[in-house]
Amino acid sequence: MYLALRKLNVLGSVLYIAAHPDDENTRLMIYFSKDRMYRTGYLSLTRGDGGQNLIGNEQGIELGLIRTQELLSARRIDGAEQFFSRAYDFGYSKNPEETFTKWDKEKILSDVVWVIRKFQPDIIITRFPTTGEGGHGHHTASAILANEAFTAAADPKRFPEQLSAGSDGKFVKPWQPKRILWNSFNFGGTNLTSNDQFKFDVGGYNPLLGKSYGEIAAASRSQHKSQGFGVAASRGEAIEYFKTTGGSTPINDIMDDVELTWKRVQGGQAISKMIDNLSSSFDLFHPENSVKGLVELYRSMSKLPDGYWRNQKLKEVQQLIEQCSGLFLDATSPEQFAVQTDSIRINFFLNNRLGVNAILKDVSIDAFDSALNMSLSKNKNAIFGKPVFVPPTKPITQPYWLENKMEEGYFNVRDQQKIGQPDIDPAYVATFTINIEGLDFIFFKPVKYKFTDPVRGEVYAPLVIIPPITFRDFNPLYVKTETQTGLEVSFLANKSVTIPDARIVSHSPVSKADTLPLLIGGVSLSKKQVYTETISDKELDPKVYKINIAPDSFRGGYIQKSIAYDHIPYITYFKEALLTVKKFDLKIIGKKIGYIVGAGDKVPEALEEMGYDVTLLGDKELSRNNLQQFDAIITGVRAYNTDAWLNNYYDKLMKYVDGGGNLIVQYNTVNFISNVKSRIGPYNFEIVNRRVTDENAEVKFLNPDHSVLHFPNEITQNDFKGWIQERSIYHAANFDKTNFETIFSMHDPGENDDEGSLIISRYGKGSFVYTGLVFFRELPAGVPGAYRLMANLIALNKQKAF
Ligand SMILES: [Zn+2]
């Protein structure tokens, strides 16, 4: 409270800009937010969708949802605010030119400009230089965009659609920050700092918080758990270096020539004096004694001319009034899910713990409004509840960036006001109007699901709006093979429903809508009941279906997806129940596959679609099972990085290969967080960080007679069409060609050919394969060539002639 009180007298702001969750310099941001007491923000262009997930199998948009929440957790610790652009983290990019072919540079630039115009930073800091030393193309692109936006934000001719026509406060005005600086770095063996750069120490200690900035930074940074970025606390001097890339170069202080006091607001000097008085008379044991003064301050501030700092500081004062009063305001639901066309109960709980003069005048949410006149007595609980009907028009809880179909490189967001917003809006917001010391204040509190967990204690989680019927998740890709029998579809009644004349309908976006046979009718389901039907194989033609119940009054065309980890709030989103049916020429030899899971991927589902029986193999299963029963054993992505116990089975796996087995190892990484600790193959090879990120890169056949190109499927150039995102990552290198055969050669534009995407070795009666080819991306995406090539890899030890 005391820190917040002192902060009222500081009118300055800093915006940090980079590309991904974890790029930000947390220690510097905490220093700005808690020591300098500036309004501090981080604009991460992406949500980190494309990285690796070290805690689960979520990839793509799901990983982005996790990292969004991890960043918000970090911000709760360091006190900065979070923003995002529409850019999608589509995976590793070698240079900014490639990045901009996917991002739509003008759109993402407009987002950066919008955030700058809204946040109005005095200075902007980039993590990376525009010249490429940041490595990843997204990094360099983030610096290029930040520097272009530094100028464009001030130019009324750029993105004029963002500019305010009237005074509704919804749109923005041009804004020129004082300067933009690159926060140069010394990590990963690259030292780009130098003593002639502008520098200062951010390693101080904050006695009000009882912590060094390096200690708080470690707590904040360690929230990036999906990336395994737990770090140790640091203490002592920590020098940060800066190079000015736009605006005037600072001489004495990074905020040179920025007015940081109430002088920047007309009539603000009197306000400054009031804040000084409140600070000097603040009683740590009786913060409530400051409430009258704070209410007076609020009144005086409200009379200042409308403007950025007036409005920002009014919010801060109101928050302080709430804290100094010891006010507790809570709106919760005993249920996690509110079902459209059903009712939920919302409980309100208030306590005026320090006994300021407070009268509750009104409580409302969008479904009701109750005028009250209830005096809140000191430390007495005020409790009441209301049932609330959830109308069918109430939108289901969906992150706004997933509402529309996305492009390859960015999300489609139609509402300009949402741009930059880090998170979804709460399902319901409770509005409490409370008169405190003679002035009415309106407090907004999101309605949360509250429960007590026997292990974690009291937990608050988001309240989620769901439709009356949701489909159970099914594999969105159906491959028609000789062994397929049909698709099992289940749906769940989220409330009791009667479906009078229902069928599962379908339509293809490419042809006219059509309907699958009537499946059910006149069915009554009680709440939580699951109904299952099978759509037979002969009903499924190769096209895209949307699975739904007709008529659509049950709004059931969705699959509810949830992601739960202890370090972040519970995440829910919905995906449309779409089914892609594919039919292509695919022969398989062999039946039983053992799959060692690793970091998590959706390859086993694809193998089952192909007609194999898949047994998942963990530590126990590997020790108990006779491996010779498997036609092939495949290791999931990064298995040797994540499963240290694999080292115990090296001999057993080699014996399996020697005896006629077939071990197929998908990519493993080599970098600072993960190392391969176990031996992998029968002969030595290394894994290196070499990749082919161009998904259309030409593939040359080095070894055209090799059985992997002919048996049982004939592989041609056609099989390398339609790949997504990339070809191959983490290639094999430094192997002896008498032991390993190479099959393909490929390269990214401007680079040399590389032969390490697939290496095959014979060992005893069997075979061993290491491959960086991204089957984990191509199989779930339904790329036929990846299926046919995988089938051939599995059949490697089945052909005598080989
Ligand atoms: Zn990054």
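The values are calculated or read from the model by the stated rules, or taken from the named source; none is laboratory data. Please read all numbers here as calculations on a predicted model, not as lab measurements. A quick note on method: Cβ atoms are made from the backbone with ideal geometry, for glycine too, and the neighbour counts reach across all protein chains shown. Each accessible area value is taken on the protein alone, full model and side chains, heavy atoms only, with ligands, DNA and RNA left out. Shrake-Rupley method; radii C 1.70, N 1.55, O 1.52, S 1.80 Å.
Brief remarks follow.
- Overall size of region 646-768 from C-alpha positions, given as principal axis extents largest first: 40, 39, 25 Å.
- The label point for Asn734 and the one for Ile55, both projected 7 Å from the Cα toward the Cβ, are 3.4 nm apart.
- Positive minus negative residues near Leu663 (Lys, Arg vs Asp, Glu; Cβ under 15 Å): +3
- Summing Lys and Arg as +1 and Asp and Glu as -1 over all other residues whose Cβ lies under 14 Å from the Cβ of Lys450 gives a net charge of 0.
- A Stokes-Einstein calculation at 20 °C with viscosity 1.002 mPa s, built on the Kirkwood radius of region 82-218 over Cα pairs, returns a diffusion coefficient of 126 µm²/s.
- Normalised contact order of the chain, rounded percent, pairs of Cα under 8 Å and 6 or more residues apart: 9
- Total lysine pairs whose alpha carbons fall under 22 Å of each other in region 307-389 (8 or more apart, or interchain): 4
- Label-point separation, Ser496 to Lys380 (7 Å along Cα→Cβ), nm: 4.1
- Simple rule: put +1 on each Lys or Arg Cβ and -1 on each Asp or Glu Cβ in the chain, find the dipole, and look at Gln529, Phe775, Phe384; the Cα lying farthest toward the positive end is Phe384.
- Approximate spin-label separation Lys405-Asn95, in nm, with each point projected 7 Å along Cα-to-Cβ: 3.3
- Whole-Hz ³J(HN,Hα) from phi, Karplus 6.51 cos²θ - 1.76 cosθ + 1.60, for region 181-194, glycine and proline x: 10, 9, 7, 5, 9, 9, 8, x, x, 10, 9, 9, 8, 7
- Each Lys and Arg adds +1 at its Cβ and each Asp and Glu adds -1 at its Cβ; summed about the Cα centre, region 347-451 shows a dipole of about 560 debye.
- Cβ-based charge dipole, the chain, positive-most Cα from Gly56, Pro207, Ser757: Pro207
- Farthest towards the positive end of the charge dipole of the chain, among the residues Pro569, Asn9, Phe685, is the Cα of Asn9, using unit charges on the Cβ of Lys, Arg, Asp and Glu.
- Assuming charge only on the beta carbon of Lys and Arg (+1) and of Asp and Glu (-1), the dipole of the chain about its Cα centre is about 1520 debye to the nearest 20.
- Most to least accessible of Leu354, Leu622 (protein chains only, probe 1.4 Å): Leu354, Leu622
- Percentage relative contact order, region 283-360, counting C-alpha pairs under 8 Å, at least six apart: 30
- Whole-number percent relative contact order across region 333-435, with pairs defined as alpha carbons under 8 Å at least 6 apart: 33
- Antiparallel beta bridges, as assigned by DSSP with both residues in region 98-249, represent about 75 percent of the total such bridges.
- Listed residue pairs exceeding 26 Å between alpha carbons, taken from Lys405/Lys721; Lys170/Lys303; Lys561/Lys582; Lys102/Lys480: Lys102/Lys480
- Carbon plus sulfur fraction of accessible area for the chain, probe 1.4 Å, in percent: 49
- Calculated FRET efficiency for the pair His710/Ser280, C-beta based, R₀ 56 Å, to 0.05: 0.05
- Region 385-493 shape via C-alpha gyration tensor axes, a/c threshold 1.5: prolate
- Computed P(r) (all Cα pairs; the chain; 10 Å bins; percent): 2, 11, 19, 22, 20, 14, 8, 3, 1, 0
- The Cβ shell under 12 Å around Leu314 holds other residues with a net charge of +3, Lys and Arg each +1, Asp and Glu each -1.
- One chain, two ends: Tyr2 and Arg264. Fully extended at 0.36 nm per residue, the span grows by 92.0 nm beyond their Cα-Cα distance.
- The simple Förster model, with R0 at 60 Å and r as the Cβ-Cβ distance, assigns Asn186 and Asp453 a FRET efficiency of 0.90.
- Where region 1-72 is the region considered: accessible area per residue in Å², 1.4 Å probe: 20
- Shape call, region 550-683: gyration tensor on alpha carbons, a/c limit 1.5: oblate
- Theoretical FRET efficiency, 1/(1+(r/R0)^6), r = Cβ-Cβ of Asp423 and Phe328, R0 25 Å, to 0.05: 0.60
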